[in-house]
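Participant: Got a structure for you, questions after.
Bear in mind that the values in this text are calculations on the coordinates, not laboratory data. Please read all numbers here as calculations on a predicted model, not as lab measurements. Reconstructed Cβ throughout: ideal geometry from the backbone, glycine too, with neighbour counts over all protein chains shown.
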Amino acid sequence: MNGNTGRVRVIRVANAGHAAFAAAMIGLGVLGLIKRDFAPIWPPVPQGVPARTVLIYLCGLIPVACGIGLIVQRAAAAAARVLLAFFVLWFLLLRLPLLLISPTVDVWWASCQTAVMMAAAWVLFVWFVADRDRQRLDFPAGDRGVRIARVLYGLALIPFGLAHFIYLQVTADLVPDWLPWHVAWAYFTGGTFIAAGVAVLIRVCARLAAALSALQMAMFALLVWIPRAAAGTLNAFQWGEFVTTLTLTAGGWVVADSYRGISWLAVGKE
């Protein structure tokens, strides 16, 4: 309760990245509930997973509830905690076993997507955790938690870049027609993702690297997916990629915001 105005403070938005991530979670959840299937970023999910239908609804309801909770003053910390726990469990129970059993491109690409979501949720958890809980949960809720989130993000960016080289022609074909040198752009964007991931991991210009990687994902959505969506030429798979790009952009934005207060060109600083 605000003593000056007598009003309850309902909305708590730390920054634009926080708001974008909350919106992305709500959108993902609503999409999954409407489709009654896993929304983008969740697949692949093996057909033999127990209680698959229940899991589909959990993947819709939890992001919606947590996305709303992230912008509510009293619920932000709890929402971030639940979201982080959900992504951690998803990674450990579904991503890591598949990664060990069948390390195909689709599997490690999906693992990296989960890592970005986990990193963003972890940063938000650290931001919103109460002081009394911060002392009790020093490992996940303190500075080390933010460092782990940044490492997860940096590790995820490197395979994103490698995929551009593995699927070089596919990536080049997505470059807008009005831009020249399509293959060169595919090489460049792949290389910048790898460079950004390494920079985040070794803490050299990490803030700049995180911000530029999020910007690159946003530009991909703006220059590739939005014009195709407007023209009505996106197929079902590409729509999923569009939604995934927006979600990853929001996650990257949150991680980039975690560097506020650090110089853009700082070396070796957290």
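Participant: Kindly point out which whole DSSP H helices in the chain project their C-alpha atoms 27 angstrom or further along the helix axis while averaging a Kyte-Doolittle hydropathy of -1.0 or above. Numbers along the way, then the final one.
Facilitator: On the way: long enough: 16-35 (28 Å, 1.57); 105-128 (35 Å, 1.40); 143-166 (35 Å, 0.99); 182-202 (30 Å, 1.52); 236-257 (32 Å, 0.68).
Passing helices, by number: 16-35, 105-128, 143-166, 182-202, 236-257.
Participant: Loop only per DSSP, at most 11 neighbouring Cβ atoms within 10 Å: give me the chymotrypsin sites (Phe, Trp or Tyr not before Pro) in segment 144-204, ordered by residue number.
Facilitator: Of the chymotrypsin sites (Phe, Trp or Tyr not before Pro), the ones in loops of segment 144-204 whose Cβ has at most 11 other Cβ atoms within 10 Å are W178, W181.
Participant: Taking the convex hull of the alpha carbon atoms in the chain, what volume per residue do you get, in Å³?
Facilitator: 157 Å³
Participant: Can I ask one more? Loop by DSSP (not H, G, I, E, B), at most 14 other beta-carbon atoms within 10 Å: where is the longest site-free stretch of the chain for trypsin sites (Lys or Arg not before Pro)?
Facilitator: Longest gap between qualifying sites, sites excluded: 75-259.
Participant: If you place +1 on the Cβ of every Lys and Arg and -1 on the Cβ of every Asp and Glu, how big does the dipole about the Cα centre of the chain come out, in debye to the nearest 20?
Facilitator: It works out to roughly 880 debye.
Participant: Would you mind calculating the relative contact order of segment 16-257 from Cα pairs under 8 angstrom and at least 6 residues apart, reporting the percent as a whole number?
Facilitator: Across segment 16-257, relative contact order equals 21 percent.
Participant: Considering only W185, A110, A206, whose Cα is most displaced toward the positive end of the charge dipole of the chain, charges sitting on Cβ of Lys, Arg (+1) and Asp, Glu (-1)?
Facilitator: A206
Participant: Tell me the mean residue ellipticity at 222 nm calculated for the chain from its helices only (DSSP H runs of n ≥ 4, each -39500 (n - 2.57), averaged over every residue, nearest 500). Mind showing how you got there, number by number?
Facilitator: Details: 13 runs with 188 residues, N = 270.
Using -39500 (n - 2.57) per qualifying helix, the result is -22500 deg cm²/dmol.
Participant: Pull up all non-local amide H partners of V72: gap of 5 or more, or a different chain, and H-to-H distance under 5 Å with H placed in the peptide plane.
Facilitator: Answer set, sorted by chain and number: R12.
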